[in-house]
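Asker: Just passing along the structure, written as structure tokens.
The values are calculated or read from the model by the stated rules, or taken from the named source; none is laboratory data. None of the values given here were measured: they were computed from a predicted structure. Please note: Cβ atoms are built from the backbone with ideal geometry, for glycine as well, and neighbour counts cover all protein chains shown.
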Amino acid sequence: MHIQESGEMYLETILILSKKLEHVRAVDIGEYMGYSKPSVSRAVGLLRNGGFISVDDNGHITLTESGKNHADKIFERHSILTSILTSIGVSEETASEDACKIEHVLSDETFEAIKRIQTKK
């Protein structure tokens with residue numbers, strides 16, 4: 001199933017927050033991303049309906065296997081692209097912002113080629 005860029009951003013955020021927090025809640029996502037409660041609520045509903053996350057009775061959000069796979073992919077892209085950009089002299093903040101834009105539009109083929117170059121260093 002294809003997921004839009006905004007959905008990928010939410011999945012990546014849930015992954016990042018799950019490494020920092022015992023339980024991820026919609027309010028945590030909103031605070032991290034700077035989004036309103038209605039926006040987060042809508043996205044959470046779409047991601048849950050798409051099978052990317054589950055939400056328990058306490059409002060704790062967890063990634064499903066499919067959601068974790070997508071989140072890991074985006075997080076890896078973000079990390080590697082940020083690393084490459086900082087290695088050529090881009091500031092950490094700008095590199096991270098630019099990587100966030102690039103990670104969603106880069107083809108798998110191109111990213112795999114970039115990864116091969118990065119691992120040769």
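Asker: For the stretch 8-35, give me the residue count where each residue is surrounded by fewer than 17 Cβ atoms within 10 Å (Cβ to Cβ), acidic (Asp, Glu) and under 24 Å from residue 106 (Cβ atoms).
Answerer: The total comes to 0.
Asker: Something else: Taking the residues in the stretch 87-100 that are farther than 20 Å from residue 33 by Cα and at pLDDT 95 or above as candidates, determine which candidate is surrounded by the most Cβ atoms within 10 Å (Cβ to Cβ).
Answerer: 90
Asker: Let me ask something else about it. What's the total number of residues in the stretch 5-41 that are within 13 Å of residue 67 (Cα to Cα) and either modelled with pLDDT under 95 or touching a His at 6+ places or on another chain (Cβ under 8 Å) (or both)?
Answerer: Final tally of qualifying residues: 5.
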